[in-house]
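As structure tokens, the structure follows; a few thoughts come after it.
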Amino acid sequence: MKYYDENIPDVEKDLETSLKTGLSNEEAKKRLEKYGENALASKKKRSMVARFFDQFKDFMIIVLIIAAIVSGIVAQEWTDAAIIMIVVLINALLGTFQEAKSEAAIDALKEMSTPSAHVRRNNVILEIPSTEIVPGDVVLLEAGDVIPADMRLTVAKSLKIEESALTGESVPVDKSSETLPDSEVALGDRINMAYANTSVTYGRGEGIVTATGMNTEVGKIATMLNNADETDTPLKRNLNQLGKTLTIMILAICAIVFIVGVLKANPAERNSTLMINMFLVAVSLAVAAIPEGLPAIVTIILALGTQTMAKHKAIVRKLPAVETLGATDIICSDKTGTLTQNQMTVEKVYYNGVVHSEDQEISEDNPALLSMILANDTQIEEGGRLLGDPTETALIQYAFDENIDVQELLQKDKRIQEVPFDSVRKLMSTVNKFGDKYYVAVKGAPDELLKRVTSVEINGQVSPITDEQKQDILAANKDMAQNALRVLGLAYKYVNKPYDDPTTDNVEQDLIFAGLVGMIDPERPEAKAAVAEAKRAGIRTVMITGDHQITAAAIASRLGILQESPDKNKAVITGAELDKLSDDYFIKHVSDYSVYARVSPENKVRIVKAWQANDKIVAMTGDGVNDAPSLKQADIGIGMGITGTEVSKGASDMVLADDNFATIVEAVKQGRKVFSNIQKAILYLMSCNVGEVLTVFMMTMLGWDILEPVQLLWINLVTDTLPAIALGVEPVEDGIMDRKPRGKKSNFFSGGVASSIIYQGILEGVLVLGAYQFGLHVGPHINNPQLQHGDALTMAFLTLGLIQLFHAFNSKYIHQSIFRKHTFSNKWFNGAILIAAVIMAFVELPFMTKLFDVTELDPIQWLVVLCAGVLMILIVELVKLVQRSMGKR
């Protein structure tokens with residue numbers, strides 16, 4: 001039920017309770033049995049064993065396991081089989097460990113529950129565990145309490161509750177017990193309700209519990225978290241697609257080799273022995289086509305990416321999130337603390353009939369400044385740290401910035417009396433000793449303040465206030481409010497002695513208007529540039545906040561976010577307005593909206609789903625409990641490290657150590673680099689494997705001598721590891737943030753990679769076959785055919801290995817030329833190629849030749865091998881030049 005629109009007697013009747021006596025112990029016990037404990041339920045946890053076996057459901061992993069079985073049992077290549085299985089097991093263990101860490105959200109929610117609460121039962125105040133609270137209980141609240149359950153407030157004495165964990169609004173909410181007439185009120189505007197897991201910052205109150213456990217607002221969030229579907233990352237989708245492509249290719253290779261080999265034989269030789277031999281050849285080729293090191297290399301590249309991001313204040317909790325960031329189309333960002341500084345700051349001060357900026361000098365005896373300082377409950381700790389309401393601390397910080405010795409002033413003008421803030425009259429007043437008189441300082445809502453003002457001070461002269469002056473003040477107030485400033489009115493008066501009984505009726509009358517002060521949580525200095533950079537990269541920034549519509553729109557305009565929408569008048573929408581839109585309409589028109597204000601947790605999830613329904617990859621930021629469901633729903637959830645709750649961090653894929661939007665954009669850049677580097681590694685590995693398969697396939701088809709299994713294994717060991725990993729640490733390419741997002745349907749073969757794999761693999765195979773043919777006609781063993789064939793096979797073997805190291809340089813840029821100054825700037829890459837080349841040449845040592853069944857080559861033969869490597873670079877460079885002239889990236 002919506003208890004906020006019911007009066008207190010009706011709530012009391014509906015919940016069958018008494019404000020005066022509370023529930024009886026017997027009734028409380030019955031309700032505890034009926035409703036259950038006031039605690040959050042969580043998903044049944046999966047065991048580590050179940051998580052471990054889940055890792056083997058990935059299509060690429062299944063392909064690798066089948067390859068290992070076939071390689072070991074059928075082809076008797078047990079070393080290959082062992083390498084593949086080690087890679088599979090390492091990936092399964094890493095995946096299990098990552099998943100175990102990611103399920104902390106509900107646990108953190110449960111830990112947030114307050115351990116005890118004060119309730120009225122049988123007309124006695126009791127302190128009981130919060131888990132025993134039931135609907136109908138009367139709960140007493142004081143400053144510092146964490147609210148144990150959802151409740152309708154019945155008493156609110158200067159009560160302020162900080163609800164940012166639920167609403168996202170940083171300023172504590174002034175609460176009231178008054179009934180709200182409107183039947184549809186946003187969560188953040190329900191001033192007569194208090195919600196579980198929020199906290200009392202000021203005043204005291206009482207309330208009737210309306211919901212406990214999973215029926216509370218925070219319980220609804222827990223339900224959404226429990227029911228949230230795990231979204232596949234683009235990386236997982238791409239690797240699955242790669243696995244399927246490989247399977248089709250491998251089966252095709254097996255079928256072609258087997259069929260052609262059998263048909264090519266003489267009819268008399270077509271027996272079971274031939275069939276088995278051709279099957280083994282086909283299986284050997286298929287195993288050679290599997291890039292068994294790819295999952296491990298992808299994991300290593302992602303892990304290196306997480307280290308780089310950590311240096312940029314982005315802590316990645318789940319490895320695939322690194323790459324997902326690079327594909328981001330939409331960043332749904334919270335306002336407070338991410339786009340703004342999460343610190344109220346004075347921006348404008350109105351006095352003497354003129355608006356002044358915060359950096360203009362103000363005199364120490366200015367009555368507007370005095371009222372800001374004296375009518376203020378901020379506590380100043382040692383070192384100048386300010387504690388208190390963000391609005392009040394902003395006023396003291398302004399005085400500090402104006403070089404005012406606030407502590408000396410407060411000591412000199414000591415507070416004698418006060419009339420505390422009240423949410424009905426919206427004012428606060430203090431009476432301070434001021435020489436031989438007393439200074440009454442008042443601050444509060446401008447419209448309420450003006451009702452009590454009779455005079456105005458202009459340049460030190462006090463005179464009766466005119467209607468025209470009041471209109472000028474209201475106009476200044478309206479102008480500040482339209483610019484998203486939170487405006488307070490300031491007034492004062494002098495009295496000869498303290499009041500016998502200070503109340504609003506005597507203290508807050510016949511006031512002298514001193515001025516207005518406008519405050520805002522200002523945007524971060526670097527946020528505007530980051531939004532612009534994201535826009536240049538084709539990424540749209542959407543602001544989602546629990547704050548008010550005017551404030552959100554003003555900040556969005558200052559940051560350039562509203563410029564993204566075709567119609568700026570329609571670009572800002574509230575959660576209540578969003579609730580009235582059908583899903584179909586919203587999905588079709590989601591691009592119309594750039595700013596969402598006063599939103600609920602359900603609204604946030606709906607916004608993310610609407611963008612995803614338009615095939616967009618969505619990043620979502622959040623710091624509160626209310627953000628957890630949308631963080632989990634998004635393709636990548638981004639939690640806040642400083643202001644974020646453990647719940648939001650637990651539901652996130654990545655956490656910002658500095659809560660800064662600019663860090664997200666930098667992380668996107670790093671994510672794009674990671675995808676680009678994985679793509680380079682795949683291009684390198686797959687084209688090399690195509691070259692290997694084509695070489696062995698053609699040698700078999702032409703009836704030439706074929707490379708030995710140990711030789712193929714050595715090439716895979718040398719070329720498939722260090723160079724591929726080194727490609728993963730390539731620096732960010734110039735202009736990577738000038739490209740549009742690659743799109744949800746793109747994959748690792750997009751952008752010309754597939755065609756490059758094919759032609760470069762064919763080129764590699766042709767050059768190796770050419771080296772083999774050269775080997776039959778050059779060298780010291782021309783007159784000895786048997787030794788000459790050994791030389792030719794050795795040249796083919798070394799060419800196939802070394803040409804792949806030359807080709808690693810081609811893979812540094814898919815379309816761009818490698819002849820540029822940055823080509824050799826990656827020292828890790830240079831070192832990896834050098835080490836791999838030495839290991840590859842290691843087989844030519846006299847004591848190794850017999851092990852690898854190779855001969856020792858002479859200088860001419862080595863020259864042929866090296867020329868083949870150089871030709872690999874030159875021909876690929878020529879193709880790239882033609883591609884660029886045709887408009888390729």
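The values are calculated or read from the model by the stated rules, or taken from the named source; none is laboratory data. Owing to the predicted nature of the structure, the values given are computational and were not obtained by experimental measurement. Note that we place each Cβ from the backbone using ideal geometry, even for glycine, and neighbour counts take in every protein chain shown.
Using the structure shown, decide if Ala321 is of a type in the set (Gly, Ala, Ser), closer than 24 Å to Lys740 by Cα, outside the structural domain of Ser357 (by TED's automatic domain parsing) and at pLDDT 80 or above.
No; evaluated as a whole, the condition is false for this residue.
For residues that are in a loop (DSSP other than H, G, I, E, B) and modelled with pLDDT of 85 or more, scanning just region 716-731, find the one that is surrounded by the most Cβ atoms within 10 Å (Cβ to Cβ).
Glu730
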For Ile814, the lone unmet condition from (1) modelled with pLDDT under 85; (2) under 42 Å from the mean Cα position of the chain (by Cα) is (1)
With the checklist (1) among the polar types (S, T, N, Q); (2) free of Cβ contacts under 8 Å to residues at least 40 places away in the same chain; (3) over 25 Å from Val171 (Cα atoms) in hand, flag the one item Thr378 doesn't pass. (3)
Selection count where residues are closer than 12 Å to Gln804 by Cα and either surrounded by fewer than 16 Cβ atoms within 10 Å (Cβ to Cβ) or in contact with a strand residue (DSSP E or B) (Cβ under 7 Å, 6 or more places away or on another chain) (or both), scope region 867-877: 1
Can you pull out the helices (runs of 4 or more DSSP H) entirely within region 817-889 that have at least 2 residues that are among the aliphatic types (A, V, I, L, M)? 827-841, 859-885
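Right, Ala597: over 28 Å from Glu217 (Cβ atoms) and not assigned by TED's automatic domain parsing to the domain that holds Phe421 or not?
The answer is no for Ala597.
Would you confirm whether or not region 611-634 contains a residue that is more than 24 Å from Gln307 (Cα to Cα), small (Gly, Ala, Ser) and not assigned by TED's automatic domain parsing to the domain that holds Ala537?
No - not one qualifying residue is present in region 611-634.
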In region 349-372, the residues that are of a type in the set (A, V, I, L, M) and surrounded by 22 or more Cβ atoms within 10 Å (Cβ to Cβ): Val349, Ala368, Leu369, Leu370, Met372
Could you check region 13-30 and list, in sequence order, the residues that are within 44 Å of the chain's Cα centre (by Cα), within 15 Å of Arg120 (Cβ to Cβ) and in a helix (DSSP H, G or I)? Ala28
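Just give me the residues in region 606-633 being of a type in the set (S, T, N, Q) and touching a Pro at 6+ places or on another chain (Cβ under 6 Å), in sequence order.
Asn626
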Considering every residue within region 542-562, establish whether at least one is among the small types (Gly, Ala, Ser), more than 16 Å from Lys335 (Cβ to Cβ) and either under 24 Å from the mean Cα position of the chain (by Cα) or at pLDDT 90 or above (or both). no
Can we say Phe697 is more than 15 Å from the chain's Cα centre (by Cα), part of a helix (DSSP H, G or I) and over 21 Å from Glu764 (Cα atoms)? no
Residue ranges of helices (runs of 4 or more DSSP H) in region 578-691 with at least 1 members surrounded by fewer than 24 Cβ atoms within 10 Å (Cβ to Cβ) and either at positive phi or at pLDDT 90 or above (or both): 583-589, 601-613
Kindly establish whether Leu374 is modelled with pLDDT under 95 and not acidic (Asp, Glu). no
Top-ranked residue in region 129-176 [being within 36 Å of the chain's Cα centre (by Cα) and among the small types (Gly, Ala, Ser); ranked as surrounded by the fewest Cβ atoms within 10 Å (Cβ to Cβ)]: Gly144
Tally of residues being modelled with pLDDT of 95 or more and part of a strand (DSSP E or B) across region 463-486: 2
Taking region 174-190 on its own, how many of its residues are within 19 Å of Pro390 (Cα to Cα) and either in a loop (DSSP other than H, G, I, E, B) or not assigned by TED's automatic domain parsing to the domain that holds Lys160 (or both)? 1
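Given the structure, is Val864 more than 26 Å from Ser755 (Cα to Cα) and surrounded by 15 or more Cβ atoms within 10 Å (Cβ to Cβ)? Steps first, please.
Details: more than 26 Å from Ser755 (Cα to Cα): yes; surrounded by 15 or more Cβ atoms within 10 Å (Cβ to Cβ): yes.
Criteria met by Val864.
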How about region 428-446: which of its residues are touching a residue at least 60 places away in the same chain (Cβ under 8 Å), farther than 19 Å from Lys157 by Cβ, in a strand (DSSP E or B) and under 50 Å from the mean Cα position of the chain (by Cα)? Val431, Val440, Ala441, Val442, Lys443
Being surrounded by fewer than 24 Cβ atoms within 10 Å (Cβ to Cβ) and hydrophobic (A, V, I, L, M, F, W, C) narrows it down to one residue among Ile803, Ile757; which is it? Ile757
Test: residue in region 391-402 that is crowded, with 20+ Cβ neighbours inside 10 Å, of a type in the set (D, E, K, R) and within 22 Å of Tyr202 (Cα to Cα): yes
Set Thr378, Thr345, Thr328: member being within 35 Å of the chain's Cα centre (by Cα), of a type outside the set (A, V, I, L, M) and within 30 Å of Gly538 (Cβ to Cβ): Thr328
